[in-house]
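A short worksheet on the structure shown next.
Please treat every number below as a calculation from the coordinates, not as lab data. Just so we're clear, the structure is a prediction, and the values are computed from it rather than from any experiment. Reconstructed Cβ throughout: ideal geometry from the backbone, glycine too, with neighbour counts over all protein chains shown.
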């Protein structure tokens, strides 16, 4: 669903749907009837060109050209300025930014000569829209501020509200949420005083989006519901559908899946009715995501395939890429790794094509900025900024834009690396399933072949035995009396040897059972029980991905300096004492110890058997370790202090190597958990934002704000204090 709405404050406000077309049809009939070359016809042609902005801008260009040609002959040049602006609006809608800026600047020059303050303000706003469209936010902010100053001088309240909304949109894109909210609130106050319901609805929706991004869901729902009520009163179907979808997304983030489904389904009914293909594709994808989170994979698959069909037919490359990503997740959850691998590959292909388009857009942006700067040199002589506050805002926006670009670049690199790893994982799982199937088939064929050979051998042996028996029967009749006594003696000896062998076998079996139990106990001590059982049955254990686990890291403070003061045996005994206590705590809360590295201790909650309360178990284990260290320091003040870190997220777990088996986990979650431990303080338990969200309402925690972590930048961190009610 679309989540951000920008107030395109042009010279006229665009109506929507049928009302806009009806107005345009009326103007076209008037234009055919009125052919006199005067100011009335010039204004009529300009109005028609403007009405085509949201209908078909390519058809608006000929009317703008006629308006320009006629207005050049008229003595009052304000009509020429209006004609230039109408041409710029059509060019902007067609994404011809160079031409749009040229026509807007021509209009600006005329209005400045005429001293038309409102016209100048409108031209500043339109030029700001051009710069916003090519992502040059500092330049866009500069022109919006110029527009705002003039509108405040002329007292045009409606235009002031629209410009404040445009400035708020820039700060929202730059993730400067306090400034975005401040400007949106100012716009809302003015719109409410003026009674402009359309502007009020749009501003409420924008505020709801900002609070959604900040995860302030109660405020987001309040603003979204108010916007929805207004759009329903106005009969604005597109606005209704957009807000319904946004409400669905908020409830999805709140994990209220029934409410999310209800709002998304209502939105889709409207979107299908008004034939908004782009929004409908995104709506089906969002609804599919909700069913995926509910683990209703067949329903999720159906909706994502529907989203893919719409986006592919409409040429929506970004939505198509996202649909393939969602399909890959669903196939993977169903264990269909071949399909997951195919869908993920398609997602990367479409995503890379988007990247190529974005690179081309960036190149166009740089070229346009160079051309624009040359065209504005003549204007800068009398348009120099005198307001120091305005200059500071422009510089701040430029800095924020640069930081945003650097963050996005780092995020793309990290995402690319994760996708490559995930693609390799899916491929390995698919290959492994195929290999296992082939191996089982070959083993079955070999077993049947061996059984057949054994049967043939048994039949031949039986035939030979029958012949021998017949021969012996003949000979035994002749010698039966001679060997009768010997047979009795032989039978006695045979019974003796059989009984002795039976006793020896019983003793050997007992030894074998004992050694086997020792081996199994040792294997279970090295590996998780489920992994060890899989290894015994199959001879190997597959790597698995776990989407929700919590990783625990501990590390002793100043271990190196303290260890240099202790004899080696005492140091080893001390570490053994501490780690043995840690092991008992892990067993108590069901955590899986992974390994120790020197003085570092690593464990994970939520695998190999997934657990919904993995974060709570890890937190309780961390508190027990903290309490144990505190008790130890009371008895031995020179003992070790400790740092503890927790982070929650996905990992891949499996066995490393073929000798001296080691069960290990991998993934960015492990790295982040290690950063939580190294960024902690002596005696403290440091949490990431992800773990903090899972523990809210169960434990008391103290926010540390954004803390710099090695290779991670600034991360929101929290100290775990104790469990609520303790």
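Could you work out the pair-distance distribution P(r) of segment 560-648 from its alpha-carbon pairs, with 5 angstrom bin width and percents rounded to whole numbers?
3, 12, 24, 24, 17, 11, 6, 3, 1
What is the projected area of the convex hull of the Cα atoms of segment 1-147, averaged over all directions, in nm²?
Working: hull surface 36.3 nm².
It is 9.1 nm².
7 Å from Cα along Cα→Cβ at both residue 215 and residue 580: what's the point-to-point distance in nm?
4.1 nm
With just the Cα atoms defining each centre, how far is segment 638-712 from segment 299-356? Give it in Å.
Centre-to-centre (Cα) distance: 32 Å.
I need 326, 692 ordered by Cβ neighbour count within 10 Å, fewest first.
Exposure proxy ranking, most exposed first: 692, 326.
State, to one decimal in nm, how far the label point of residue 352 lies from the label point of residue 600, with both points 7 Å from Cα in the Cβ direction.
3.4 nm
Take the Cα of residue 558, step 7 Å along the line toward its Cβ, and report every residue of segment 612-648 whose backbone nitrogen sits under 14 Å from that point.
637-643
At 0.36 nm per residue, and after removing the present C-alpha to C-alpha distance, how many nm does the segment from residue 442 to residue 499 gain when stretched out fully?
Using 0.36 nm per residue and subtracting the Cα-Cα distance, I get 16.3 nm.
Sorted by packing (mean other beta-carbon atoms within 10 Å per residue), highest first, where do 196-209, 702-715 land?
Taking the mean over residues of other Cβ atoms within 10 Å, the ranking is 196-209, 702-715.
Given R₀ = 25 Å, FRET efficiency for residue 28-residue 114 by Cβ-Cβ distance, to 0.05?
0.30
Arranged from highest to lowest average of other beta-carbon atoms within 10 Å per residue, in what order do the peptides 49-58, 214-223 appear?
Result, highest mean Cβ count within 10 Å first: 49-58, 214-223.
Roughly how many nanometres apart are two label points built 7 Å out from the Cα toward the Cβ at residue 507 and residue 454?
3.1 nm
Can you give me the Rg/Rh ratio for segment 187-331, using Cα atoms for both radii and the Kirkwood formula for Rh?
Ratio of gyration radius to Kirkwood radius: 1.01.
Compute the orientation-averaged projected area for segment 579-726 from the convex hull of its Cα atoms and round it to one decimal in nm².
In nm², the orientation-averaged hull projection of segment 579-726 is 9.7.
When the scattering of segment 658-714 is computed by the Debye formula from its Cα atoms alone, each counted once and equally, what is log10 I(q)/I(0) at q = 0.14, 0.23 Å⁻¹?
Each listed q corresponds, in turn, to -0.49, -1.01.
Taking the number of other C-beta atoms within 10 Å as the exposure measure, put 498, 642 in order starting with the fewest. Mind dumping the intermediate values first?
Working: 498 9, 642 27.
Final ranking by Cβ density, sparse to dense: 498, 642.
Per q in 0.12, 0.14, 0.21, 0.23 1/Å, what log10 I(q)/I(0) does a Debye calculation on the alpha-carbon atoms of segment 70-189 return?
Result of the Debye calculation: -0.44, -0.59, -1.14, -1.27.
What does the extension gain come out to for residue 334 and residue 233, with contour length at 0.36 nm per residue minus their alpha carbon separation?
Values: separation 101, 0.36 × 101 = 36.36 nm, distance 4.44 nm.
Gain in length upon complete extension: 31.9 nm.
Among 630-638, 644-652, how do they line up from the highest to the lowest mean number of other beta-carbon atoms within 10 Å?
The packing order, highest mean first, is 644-652, 630-638.
Run the numbers on segment 540-723 and let me know its relative contact order in percent, using alpha-carbon pairs under 8 Å that are six or more apart.
25 percent
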